[in-house]
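I have placed the structure first, in the form of structure tokens, so that the comments after it can refer back to it.
The values are calculated or read from the model by the stated rules, or taken from the named source; none is laboratory data. Computed from a predicted model, the values in this text were never measured in an experiment. So basically every Cβ, Gly included, is an ideal-geometry build from the backbone, and we count neighbours across all protein chains shown. SASA here: full protein model, heavy atoms, side chains in, ligands and nucleic acids out. Shrake-Rupley method; radii C 1.70, N 1.55, O 1.52, S 1.80 Å.
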Amino acid sequence: MGTEEHPNIRRARFEALVRDVLVEPLRRFLRRRTDPETADDVLSDTLLACWRRFDELPDPPLPWAYGVARLCLANAQRSARRQQRLAARVAAVDPPREADDAPADDALHEALGSLDPDDAELLRLWAWEQLTPSEIATVLGVTPNAASIRLHRARGRLRDAIGKVEAGAGHEGVEGGRRG
């Protein structure tokens, strides 16, 4: 048969990699960033890309797969925005009734929401996915040094943002002024 791997062996190797290494971390990664249905759709797209590039996967494959998942999620979000624009045009003809489903925000989520999206994503990769700066570099397609510097700066901005959120909570009646 030569040096070609039998298709069944290749498939079994891929299925083992997905089961043992990729699927649960990728599912958590995506569900932290979007709703469960979108996460499952994007997970499928991500795994399809991994299958197509199976012979080119780096070692370890997970940071690379996070990068693929980020791109697949961005594509899904662009598609959702297009659908929302269309729905808005349709809603102008037949407006839906209002619904109040705004989630409650704690200081961390509010602070994360106030950050630049790139900083917020960098911090999520570090804190939620527990990636090292080197692995984050793989996900983002930057050098490890750049990832480390960006992470350091983003952590400082998050610390400042949390301070601002916490300082504003419960202190509405306090006037600003100088301490003597």
Here is a check on your reading of the model: is residue 46 assigned to a helix (DSSP H, G or I), touching a Cys at 6+ places or on another chain (Cβ under 6 Å) and not small (Gly, Ala, Ser)?
yes
Among the residues of the stretch 134-148, is any out of contact with any strand residue (DSSP E or B) (no Cβ under 9 Å at 6 or more places or on another chain) and either modelled with pLDDT under 85 or of a type in the set (Asp, Glu) (or both)?
yes
Sort out which residues of the stretch 18-29 are open to solvent by 30 Å² or more (accessible area, probe 1.4 Å) and touching a residue at least 40 places away in the same chain (Cβ under 8 Å), and write them in order of number.
21, 28
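One line per residue, one yes/no per condition, for (1) polar (S, T, N, Q); (2) open to solvent by 70 Å² or more (accessible area, probe 1.4 Å); (3) under 19 Å from residue 61 (Cα atoms):
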| residue | (1), (2), (3) |
| --- | --- |
| 114 | yes, yes, no |
| 118 | no, yes, no |
| 122 | no, no, yes |
| 150 | no, yes, no |
Check off (1) loosely packed, with under 12 Cβ neighbours inside 10 Å; (2) not in a helix (DSSP H, G or I) for residue 33 and give me the number that stays unchecked.
(1)
Please determine, by comparing only the residues of the stretch 47-68 that are within 13 Å of the chain's Cα centre (by Cα) and not aliphatic (A, V, I, L, M), which one is surrounded by the most Cβ atoms within 10 Å (Cβ to Cβ).
66
